[in-house]
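Down below is the structure, laid out as structure tokens.
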Amino acid sequence: MALDSSKTTGFKYVGTRPNRPDGLDKVTGRAKFGADAYAPGMLHAAIKRSPHAHARIIKIDTSKALAMEGVKAVVTRADFATGLEGEFGDILENVMAGEKALYDGHAVAAVAATSALIARDAIKAIEVDYEILPHVTDVDAAMQAGAPVIRAGAADASVPEGLHPNVVRYYESGHGDVEAGFAEADLVVEDHFVTEATHQGYIEPHACLGTLGSDGKGELWCCTQGHWYVQKVCAACLGLETSQLRVTASEIGGGFGGKTTVFIEPVALALSRKANRPVKLVMTRSEVFRASGPTSSTSMDVKIGMKKDGTITAAQGTFRLQGGAFPGAPCEMTAMCAFAPYDLKHVHQVGYDVMSNRPKQAAYRAPGSPMAAFAVESVIDELCGQLGLDPIDTRLKNASREGTRASFGPTWPRIGLVETLEAVKAHPHYVAPLKKGQGRGISCGFWFNHGGETAVSLALSEDGSAQVAVGTPDIGGSRASMALMAAEVLGIPYEDIRVTIADTATLGYNEISHGSRVTYASGLATIKAAEDAVQKLCGRAAAKWGIPEDAVYWEDGYAKPSGPNAGDFEPLHIDEITATMGATGGPICGHFEATPEGAGVSFAAHIVDAEVDPDTGKTSVVRYTVVQDAGKAIHPTYVEGQFQGGAAQGIGWALNEEYIYGADGRLQNAGFLDYRIPVASDLPMIDTVIVEVPNPGHPFGVRGVGETSICPPLAAIANAVSNAVGVRMRQLPMRPSRVLEALESAADG
Amino acid sequence: MSKTHVTTKVNGDEVEFLCDPRETLLDVLRDRLHLTGAKEGCGTGDCGACSVTVDGRLVCSCLMLGVEAEGKEIGTVEGIAEGETLHPLQQKFIEYAALQCGICTPGILVATKALLEKNPDPTESEVRYWLAGNLCRCTGYDKIIRAVMDTAAEMREAS
């Protein structure tokens, strides 16, 4: 009998809020993060970086550095693999510059020395001759005729002829006839929107400790969202066999997408190979800003037509994403997410991936979606305002639901947008009175969520407790969720399960912790691995009782005889079976390896009240409510945490955070003092409502929740500020100077 | 470069070390004393992940030199629990899920413990402004503030 634990109600453990298993380690300081590892004989490394936005590297002279007391190795691009192309070629080029430095902060050489102080002194002694080239950092400027070409020949086949070589990918989709749709509208609003690049802003800088021998075998410890990916990339960059490099993921001090790629690990390994000693490499905060992350900046045009009753007749969007000096800006996802919440007869969206002399963009929580929502939901707010329509009723009227043809093609399965919007409408926040100087903003948000390659292994111990090995780094409490799901299937207490993030030598390939996939995919794999173990437990009971395996079922931690044998035998508890497993067939383990493809999309809607100080232009968020469909909240407290964290990051993006480049192409604010993320005194409490419309693609109904929460805030806050000041805010961040300008333009108008 | 001999107390234990005059107190705690609870998030005093107390005063250990620890009493996150008994703040942070990744947690615990010793009955605003020097990127601070307020209330009742 195939065991199937699928259910969406009647849970014993799922949906409860136990303490996280790594809590004690994290409050006592003993949890080991990336920079907390040390090895005997370890060297410290530092990286030499380009001060120029765009420059040809004429010569690198390392002789003075190598002559310094305590310096053990220096590497440049010559110490890495050659002939890499595509994704790995781009990553290596970003990890260590080849012929050209492509942005301010691009690595050009690295040193390993007996102390961090010596390593830092030694990189100053490396002399690099540059031929400075013209640069461009703005997305619109980079597309103009005459703009400096970052890398010729980088464009792929998707790009139409006649565009600047910096446009490296192009995306287009839609259906219907938008011109006909606009002709049916009573009001058409078209506007231009701009967002700046922001950084993921994890508090833990990238850090690793690598050992690599001349035999091609290596060990790597690093903070990453995906250590199998690190293994694969490092092996390619260093010319190793993948399996010969074992990678262990440390506790991770935040990632938000920014630790889904590789920046420093191949450098530490190359230095280690040369020095024949372990090498530790930790980025400084300034290096984190200059050379890791950030997200794309955007330039966007959105046009929407609406009838007087609120029906959207057509929607069109053009989204230009600046992705730094490499292809990869998420222009497809921006375009696909833009109108996803709405049931549209006529829709058309276009995305451009544009290179510039900035660091290679990295994923940041629902990459590309928050910017699209900012533009689209601002236009919808403007339409509702001008037509005197309720913003929630209007969104409900046009909402995507099961069976709707999505704006980018597929037909929606069961989704929870309508339930989410109805929960917003029912929330007391939605009708609470506003004070003078305050405005309210609403926005929807959408993210796909993801499945991906996943392997989980579960081993039972003789005492009936269980060890679960998963391969997705725990970035926000996922070990607790895995233990809850395993407990539900095994019928043993949450506390009897220990979940470990396994290293690359222990499990099959696990895709990165990204795409809000962990609770969905590793959760599904944990459930299936537990079912596999239960099947074997039932088999041992059946053998003991001398009845067929399919005449045994599992309930609350017991094997029980069923059907004609019901009541013939005393139920066997898990620990009675495991106590003798060595003599009844050997260890009992469950495992699961697959690529689950039933990830359920998630929609959210946020309500924001903002208050604007008319004298300073400073905006304060005074009340914030997040409503989002989680499918099924396995550990509701951590789901709330994801909702709140996404909202807070969105508040920073909307109001303060931006990469500021000087005319020299250098980043002007590479530190937390000048790149200001929200602090405790900036924020109110963030209210949350968990909507649960089960995902049919997960045994317990889980949808991912981590990313969707950052999709609505930019627009919701911009709508709140626009409604407070009476001027449409079209550019982020809405820093005080920009709001003051808007207030002045309103006064002049 | 010659090193300086320093004698200090960390979490009540006398320790000695040699350090380069350029090393920060954070470098010394982590690399020489192997107390890695304090984290370097920025190295410029902006994030608070390296918060420790020096003679009872809250400081960013990345902004102080190791040699300045001579004769002082340093308190780090490793010294907050008493034996196997967690400090009420540590217990509440776990219960409230006041951490996601946990990298800022040591600094926030050191900072809030210092706050409650100074002001056992803080308002929400006072907690928020006291913690304005401790960046957390995961939580939006909501659950942290609630954990601190509840700890303060419980400690007041117990005293």
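The values are calculated or read from the model by the stated rules, or taken from the named source; none is laboratory data. Bear in mind the structure is a predicted one, so any value in this text is a computation, not a measurement. As a convention, Cβ positions derive from the backbone with ideal geometry for all residues, glycine included, and neighbour counts pool all protein chains shown.
Here are the numbers for the structure shown:
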| read-out | value |
| --- | --- |
| Tally, over the stretch B:78-106, of residues that are at the interface with chain A (Cβ under 7 Å from one of its Cβ atoms), touching a strand residue (DSSP E or B) at 6+ places or on another chain (Cβ under 8 Å) and in contact (Cβ under 8 Å) with a residue 40 or more places away in the chain | 2 |
| Which numbered condition B:Arg30 misses (of (1) touching a residue at least 12 places away in the same chain (Cβ under 8 Å); (2) outside the structural domain of B:Ala132 (by TED's automatic domain parsing); (3) assigned to a helix (DSSP H, G or I); (4) under 15 Å from the mean Cα position of the chain (by Cα)) | (1) |
| All helices (runs of 4 or more DSSP H) inside the stretch A:401-507 with 1 or more residues being of a type in the set (A, V, I, L, M, F, W, C), touching a helix residue (DSSP H, G or I) at 6+ places or on another chain (Cβ under 8 Å) and closer than 30 Å to A:Met581 by Cβ | A:478-490 |
| Residue within the stretch A:29-48 that is under 26 Å from the mean Cα position of the chain (by Cα), assigned to a helix (DSSP H, G or I), away from chain B (no Cβ under 14 Å) and of a type outside the set (A, V, I, L, M) present | no |
| B:Ile74 being of a type in the set (A, V, I, L, M, F, W, C), touching a Leu at 6+ places or on another chain (Cβ under 7 Å) and more than 7 Å from chain A (Cβ to nearest Cβ) | no |
| Residues being in a loop (DSSP other than H, G, I, E, B) and in contact with a Lys or Arg (Cβ under 7 Å, 6 or more places away or on another chain) - total across the stretch A:678-694 | 4 |
| Residue identified as farther than 28 Å from B:Gly12 by Cβ and either within 7 Å of chain A (Cβ to nearest Cβ) or among the charged types (D, E, K, R) (or both) among B:Arg128, B:Arg156 | B:Arg128 |
| Residue in the stretch A:362-378 that is part of a strand (DSSP E or B) and surrounded by 24 or more Cβ atoms within 10 Å (Cβ to Cβ) present | no |
| Subset tally (residues that are of a type outside the set (D, E, K, R), assigned to a helix (DSSP H, G or I) and surrounded by 15 or more Cβ atoms within 10 Å (Cβ to Cβ)) for the stretch A:67-94 | 5 |
| Failed criterion for A:Tyr202 (all others in (1) in a loop (DSSP other than H, G, I, E, B); (2) away from chain B (no Cβ under 14 Å); (3) aromatic (Phe, Trp, Tyr) hold) | (2) |
| Lone qualifier among B:Glu40, B:Glu23, B:Glu73, B:Glu78 - being among the acidic types (Asp, Glu), closer than 22 Å to A:Leu209 by Cα and within 15 Å of the chain's Cα centre (by Cα) | B:Glu40 |
| Residue within the stretch A:657-677 that is buried (at least 21 other Cβ atoms within 10 Å of the Cβ), part of a helix (DSSP H, G or I) and either within 14 Å of chain B (Cβ to nearest Cβ) or of a type in the set (Gly, Ala, Ser) (or both) present | no |
| So A:Ala720, is it closer than 13 Å to A:Val376 by Cα, in the same structural domain as A:Val639 (by TED's automatic domain parsing), at pLDDT 95 or above and of a type in the set (A, V, I, L, M) | no |
| Test: residue in the stretch A:699-715 that is surrounded by fewer than 24 Cβ atoms within 10 Å (Cβ to Cβ), more than 14 Å from chain B (Cβ to nearest Cβ) and of a type in the set (D, E, K, R) | no |
| Only one of A:Ala599, A:Ala566, A:Ala594 that is touching a residue at least 24 places away in the same chain (Cβ under 8 Å) and surrounded by fewer than 24 Cβ atoms within 10 Å (Cβ to Cβ) | A:Ala594 |
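Matching residues to (1) within 30 Å of A:Met729 (Cβ to Cβ); (2) of a type in the set (Gly, Ala, Ser):
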| site | (1), (2) |
| --- | --- |
| A:Cys444 | yes, no |
| A:Ala459 | no, yes |
| A:Ala466 | no, yes |
| A:Ser478 | no, yes |
| A:Ala483 | no, yes |
| A:Thr506 | no, no |
